[in-house]
Amino acid sequence: MAPREEEIRALLERAGQSHLLRFWGELGQAQRDALLEELALLDAEELGAHCRRAAEACAREQGPCPERLDGRMEPIPPEFLGSVRRSDRGTLERWEAEGLHQISRNKVGVLLLAGGQGTRLGVPYPKGMYDVGLPSRKTLYQIQAERICRVEQLAGEKFGTRCTVPWYIMTSEFTLGPTEKFFQEHNYFNLEKSNVVMFEQRMLPAVTFDGKVILEEKAKIAMAPDGNGGLYRALRDSKILEDMERRGVQYVHVYCVDNILVKMADPVFIGFCVVKGADCGAKVVEKAYPTEPVGVVCCVDGVYQVVEYSEISLETAQMRNPDGCLRYSAGNICNHFFTLGFLQAVAETFEPQLKLHVAVKKVPFVDEEGKPVKPLKPNGIKLEKFVFDVFRFSKKFVAFEVQREEEFSPLKNANIAEKDTPTTARRSLLSQHCRWALKAGARFVNSRGQRIPEKQSLSEDEEPPAVCEISPLVSYFGEGLEKYLKARDLQSPFLLDECRAEALTKPE
């Protein structure tokens, strides 16, 4: 027996996972080398502990109903909750100016969570590469890259500097290669390659209900990303925190890839958090209705966390304030602010304390005879950590409420679903841009030149009265459109890109 094989066998025996080599005699040399390479990355103690934790956590979650948190909860105190809707224009402008000031000083970075595959969306590539069917055919990655370009421009113009917002992209084993290739093929969407930094989160073995690692193939372990909370270990292991420190980044905006309305390095949010002296912040949207299945940001036993709908009673979910608003209304949308110091503290000290969440999944495997099986019901456990579970370590936590129709429309499901689909994402963006154009003084006409009636508000399942797309390179969040659109008749569909914008400002 070769020394390396002997070492791996001993590792697996210590971890109680010797079954991973049960097909060893049937493998060719290349398969053996690949399997040994995969197993060599695993630490025996860590592997054994991971399998025990997975089985124990699953048993707990499938046991009696979890303890309700109703009596231990309090809503976010007003002094720690900002709001776009409830703040006056002057206050919002001050927060925005502070955010742009920090961007102009190269103090702000954005960090994209892009480790998940497009499985629910029904595509074999990362969600950021998805085209929802806009007139421009832009993908989520392109839209986000162009918003970075525009916010850099806005900050530079306001403070007379050239500035950079570095873009950190956390991928996984599944998404790193395709994402790198996509960015290369598109010339990094005109961003400096050195300012787009990709890194990988860890992969963890999927485990059976009795604590055994699942073999996906005779020579391959079933692995899965460790959840978006794997961010903190990945920041440390990939030396991303060192890169941020070297660049002088002090504030980091973290978000998920699938929100088509995300404001990259949002100056208002950044400014609010900086003015409040926060080390950790969360954007929230008002829950649409009491039983909407979203986590709520609140205070439990004196510390901030996200409470899932299943952890509270219907009575608590339905509680209302004197003004009629839900008492627990701050819906979490995975959109966060962190100081670099806070991220360093989490990565160095608090990360091992993060809660492990159980995802019970259908995991393909090989049976005792080595035949591939695609299970019809869940057969395995994937352990995940969540990015928001660090709120409790914050010394100064704040939340910032934004308007759902302006800032949150996730792309999660294929069009056969009722919500969070390519259709709803496209509709959200086009409705927003239609509102921007009308506010700037534009009028929409159809192909016969007839005026299209304006609508003050639209329901979520209603198409906008006109199709209008505005490039992020022209306007970040609706600003500056009057010079292009005021008192103009625009024929639907209308696309305002840089070339069209330039043409509209030329004398006729």
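Being outside any strand (DSSP E or B) and not β-branched (Val, Ile, Thr) is the filter here, so list the residues in the range 380-396 that pass it. Working first, answer last.
Just the residues of the range 380-396 that are outside any strand (DSSP E or B), to begin with: 385-396.
Listed by number, the residues that qualify are Lys385, Phe386, Phe388, Asp389, Phe391, Arg392, Phe393, Ser394, Lys395, Lys396.
When you scan the range 236-309 for strands (runs of 3 or more DSSP E) that lie fully inside it, which ones turn up with 3 or more residues that are over 15 Å from the mean Cα position of the chain (by Cα) and within 18 Å of Asp70 (Cα to Cα)?
Values: elements: 251-256, 280-286, 296-300, 303-307.
By residue number, 296-300, 303-307.
Could you tell me whether any residue of the range 115-131 is at pLDDT 95 or above and hydrophobic (A, V, I, L, M, F, W, C)?
So far as the range 115-131 goes, yes, one or more of its residues are at pLDDT 95 or above and hydrophobic (A, V, I, L, M, F, W, C).
Could you tell me whether any residue of the range 397-409 is closer than 22 Å to Ala345 by Cβ, at pLDDT 95 or above and in a loop (DSSP other than H, G, I, E, B)?
Here is the first cut: in the range 397-409, the residues closer than 22 Å to Ala345 by Cβ are 397-400.
Add one more test, that the residue is at pLDDT 95 or above, and what stays is 397-400.
From what's left, in a loop (DSSP other than H, G, I, E, B): none.
Checked against the condition, which is being closer than 22 Å to Ala345 by Cβ, at pLDDT 95 or above and in a loop (DSSP other than H, G, I, E, B), the range 397-409 yields no hits at all.
Taking the range 98-129 as the region of interest, how many residues are out of contact with any Cys (no Cβ under 7 Å at 6 or more places or on another chain) and buried (at least 17 other Cβ atoms within 10 Å of the Cβ)?
Within the range 98-129, residues that are out of contact with any Cys (no Cβ under 7 Å at 6 or more places or on another chain) and buried (at least 17 other Cβ atoms within 10 Å of the Cβ) number 21.
Condition first: touching a Leu at 6+ places or on another chain (Cβ under 9 Å) and either touching a residue at least 40 places away in the same chain (Cβ under 8 Å) or in the same structural domain as Pro267 (by TED's automatic domain parsing) (or both). Now tell me which residues in the range 475-492 satisfy that.
Ser475, Tyr476, Glu479, Leu481, Tyr484, Leu485, Arg488, Leu490
Against the definition (among the aliphatic types (A, V, I, L, M) and surrounded by 15 or more Cβ atoms within 10 Å (Cβ to Cβ)), how does Ala59 come out, yes or no? If you could, list the steps in order and put the result at the bottom.
Working: among the aliphatic types (A, V, I, L, M): yes; surrounded by 15 or more Cβ atoms within 10 Å (Cβ to Cβ): no.
The answer is no for Ala59.
For the subset of the range 84-97 comprising residues that are over 19 Å from Val254 (Cβ atoms) and touching a residue at least 24 places away in the same chain (Cβ under 8 Å), which member is surrounded by the most Cβ atoms within 10 Å (Cβ to Cβ)? Give the derivation first.
Start the filter on the range 84-97 by keeping residues that are over 19 Å from Val254 (Cβ atoms), which leaves 84-94, 96-97.
Pick out the ones that are also touching a residue at least 24 places away in the same chain (Cβ under 8 Å) and you get 84-86, 92, 94, 96-97.
Details: Val84: 17, Arg85: 9, Arg86: 10, Leu92: 16, Arg94: 16, Glu96: 21, Ala97: 16.
Selected residue: Glu96.
Say we look at the range 414-443 and pick out the residues that are part of a loop (DSSP other than H, G, I, E, B) and surrounded by 19 or more Cβ atoms within 10 Å (Cβ to Cβ); which of these is farthest from the chain's Cα centre (by Cα)? Working first, answer last.
Keep residues of the range 414-443 that are part of a loop (DSSP other than H, G, I, E, B), which gives 414-421, 440-442.
Add one more test, that the residue is surrounded by 19 or more Cβ atoms within 10 Å (Cβ to Cβ), and what stays is 421, 440, 442.
Values: Thr421: 16, Ala440: 31, Ala442: 34 Å.
It comes out as Ala442.
Please verify whether Leu36 is over 28 Å from the mean Cα position of the chain (by Cα) and either crowded, with 18+ Cβ neighbours inside 10 Å or not in a loop (DSSP other than H, G, I, E, B) (or both), treating the condition exactly as stated.
Numbers: over 28 Å from the mean Cα position of the chain (by Cα): yes; either crowded, with 18+ Cβ neighbours inside 10 Å or not in a loop (DSSP other than H, G, I, E, B) (or both): yes.
The answer is yes for Leu36.
To keep it simple, each residue is scored yes or no on (1) small (Gly, Ala, Ser); (2) surrounded by 19 or more Cβ atoms within 10 Å (Cβ to Cβ); (3) outside the structural domain of Ile270 (by TED's automatic domain parsing); (4) under 19 Å from the mean Cα position of the chain (by Cα).
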{"site": "Asp131", "(1), (2), (3), (4)": "no, no, no, yes"}
{"site": "Ser136", "(1), (2), (3), (4)": "yes, no, no, no"}
{"site": "Gln144", "(1), (2), (3), (4)": "no, yes, no, yes"}
{"site": "Arg147", "(1), (2), (3), (4)": "no, yes, no, yes"}
{"site": "Tyr168", "(1), (2), (3), (4)": "no, yes, no, yes"}
{"site": "Phe174", "(1), (2), (3), (4)": "no, yes, no, yes"}
{"site": "Gln184", "(1), (2), (3), (4)": "no, no, no, no"}
{"site": "Lys193", "(1), (2), (3), (4)": "no, no, no, no"}
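The values are calculated or read from the model by the stated rules, or taken from the named source; none is laboratory data. The shown structure was predicted, so the numbers you read here are calculated from the model rather than taken from an experiment. Positions of Cβ are generated from backbone atoms using ideal geometry, with glycine treated the same way; all protein chains shown enter the neighbour counts.
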